[in-house]
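Working notes, structure below.
All of the numbers you see were taken from the coordinates with simple rules; none came from a lab. Note that the coordinates shown come from a computational prediction; the quantities given were computed from them, not determined experimentally. Here the Cβ is made from the backbone with ideal geometry for all residues, glycine too, and neighbour counts use every protein chain on show.
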Amino acid sequence: MINGKKVLYSGMQATGSLTLGNYLGALKNWVTLNEEYECFFGVMDLHSITIRQQPAHFRKCARNLFALYIAAGLDPVKNCIYYQSHVSAHAELGWILNCFTYMGELNRMTQFKDKAAKHSDNINAGLYTYPVLMAADILLYQADYVPVGKDQQQHLEITRDIAERFNSIYGDVFTIPEGYYGKSGANIRSLQNPSKKMSKSDENPNGSIYLMDAADEVVRKCKRAVTDSGNEVLYSEDKPGVSNLLEIYSACTGKSIEEAEKEFEGKGYGEFKLAVAETVNAVLVPMQKEFERLLQDKGYLDGIIKDNDEKARYFANKTLRKVRKKVGFTDILH
Ligand code: ATP
Ligand code: LTN
């Protein structure tokens, strides 16, 4: 508990450009959580270097993600938005927790298997212990809740296992976190292959709408989106392409799927796709403007970064001090 509120923690890796899937499935739903929870949202740059990064590009990506959090509506005063690498307690606790995690557990992680297959020339130890660093992120802030997508649930499970193991040896040190499955976020699929989720690392750029795509690019991608046989705009299992577009339309407008279906009754796919593009642009264009404005305002952004780094360090160090003591490290004398 912080200020009488339960703690919620999440973050995204600072790699690549965010997609509409990231926004509608995660970011958009984070915006109101601070009313009920004390929220921490990290720019997970330590995790990013498990894949080789080009330094200048990486630096820019991390700053862009930070600004995008704010442009998407996260209030940087009510939420602690910060860079993971600015709080050294993450790396420190990550090391300690490595010594409380079994290789057998890590061997079962499907994300490691997937990423190792994809980057077979760089299967580094960081990629392998990625979930342990993620456990450190969450446990440092004594988080009660962690909003994560399906692909990260296994990492949340291992976090709970590590925390329970540590607590069973040393007493109640860590809060055991739970997944947060509030108002379910949209699950957006690739525009080119609706059996796959829309993903920032998709090799086919036509499958994903990026948050920074220009308006005409969004129109082009929506027009080219794969649809299904027939010509009715209906949500159903045998119409995965149209259903995905309906999901996007519904998430962007706030209308229910049924309302959307009614709206497009008797209209063809062409008209429907243009309407989807329009609603997407109605969300993206103001966000892009705010993003550009923030990037220009270096003083403001740097001030926010400094304040939030301090806040994050304060809470993280509190937990780290407790852990150090429990493990039996000698005191640091000042
Ligand atoms: P990568 O392609 O690099 O694996 P990604 O685009 O799949 O990245 P993540 O960084 O793994 O995205 O996820 C960040 C957050 O966005 C997570 O909470 C995840 O559940 C959510 N998310 C990602 N893609 C989608 C999607 N298509 N629909 C809904 N939510 C999504
Ligand atoms: N692995 C996550 C990003 C991430 C995270 C976290 C999410 C790193 N540490 C702690 C929630 C809590 C991802 O790839 N989406």
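Of note:
- Residue 244 vs. criteria crowded, with 20+ Cβ neighbours inside 10 Å and not aromatic (Phe, Trp, Tyr): yes
- Some residue of segment 146-166 being more than 30 Å from residue 228 (Cα to Cα), away from ligand 2 (no atom under 12 Å from the Cβ) and in a loop (DSSP other than H, G, I, E, B): no
A quick yes/no check of all residues on (1) out of contact with any strand residue (DSSP E or B) (no Cβ under 6 Å at 6 or more places or on another chain); (2) away from ligand 1 (no atom under 16 Å from the Cβ):
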| position | (1), (2) |
| --- | --- |
| 18 | yes, no |
| 26 | yes, no |
| 53 | yes, no |
| 65 | no, no |
| 69 | no, no |
| 72 | yes, no |
| 80 | no, yes |
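- Members of segment 159-217 that are closer than 22 Å to residue 235 by Cα, in contact (Cβ under 8 Å) with a residue 24 or more places away in the chain and not polar (S, T, N, Q): 183, 185, 186, 188, 189, 191, 194, 197, 198, 209
- One residue stands out in segment 70-102 among those that are in a strand (DSSP E or B) and of a type in the set (A, V, I, L, M, F, W, C): the one that is farthest from residue 126 (Cα to Cα), namely 80.
- Among the residues of segment 103-124, those identified as under 29 Å from residue 169 (Cβ atoms), in a helix (DSSP H, G or I) and in contact with a helix residue (DSSP H, G or I) (Cβ under 7 Å, 6 or more places away or on another chain) are 105, 106, 110, 111, 112.
- Test: residue in segment 83-95 that is under 19 Å from residue 146 (Cα atoms) and touching a Gly at 6+ places or on another chain (Cβ under 8 Å): yes
- Candidates 182, 126, 171, 104, filtered to the one that is surrounded by fewer than 18 Cβ atoms within 10 Å (Cβ to Cβ), within 14 Å of ligand 1 (Cβ to nearest atom) and among the small types (Gly, Ala, Ser): 182
- Residue 112 being crowded, with 19+ Cβ neighbours inside 10 Å, of a type in the set (A, V, I, L, M, F, W, C) and more than 15 Å from the chain's Cα centre (by Cα): yes
- Of all the criteria given as (1) in contact (Cβ under 8 Å) with a residue 60 or more places away in the chain; (2) over 25 Å from residue 308 (Cα atoms); (3) of a type in the set (Phe, Trp, Tyr), the one not satisfied by residue 128 is (1).
- Which numbered condition residue 198 fails, given (1) within 16 Å of ligand 2 (Cβ to nearest atom); (2) more than 20 Å from the chain's Cα centre (by Cα); (3) crowded, with 20+ Cβ neighbours inside 10 Å: (2)
- Tally, over segment 136-188, of residues that are over 15 Å from the mean Cα position of the chain (by Cα), closer than 21 Å to residue 87 by Cα and among the charged types (D, E, K, R): 1
- Hits in segment 1-13 - residues which are within 16 Å of ligand 1 (Cβ to nearest atom) and in contact (Cβ under 8 Å) with a residue 60 or more places away in the chain: 8, 9, 10, 11
- Residue that is farthest from residue 7 (Cα to Cα), among those in segment 70-100 that are polar (S, T, N, Q) and surrounded by fewer than 20 Cβ atoms within 10 Å (Cβ to Cβ): 98
- The residue that is farthest from ligand 1 (Cβ to nearest atom), counting only those in segment 137-160 that are of a type in the set (A, V, I, L, M) and out of contact with any Phe, Trp or Tyr (no Cβ under 7 Å at 6 or more places or on another chain), is 140.
- Enumeration of residues in segment 247-263 that are crowded, with 16+ Cβ neighbours inside 10 Å and aliphatic (A, V, I, L, M): 248, 251, 260
- Positions within segment 14-52 being without any contact (Cβ under 8 Å) to a residue 24 or more places away in the chain and within 15 Å of ligand 2 (Cβ to nearest atom), in sequence order: none
- Selection within segment 201-230: residues that are within 11 Å of ligand 1 (Cβ to nearest atom) and among the small types (Gly, Ala, Ser). The member of this set that is surrounded by the most Cβ atoms within 10 Å (Cβ to Cβ) is 208.
- When residues in segment 268-289 are screened for being under 20 Å from residue 226 (Cβ atoms) and either surrounded by 13 or more Cβ atoms within 10 Å (Cβ to Cβ) or not charged (D, E, K, R) (or both), 12 of them pass.
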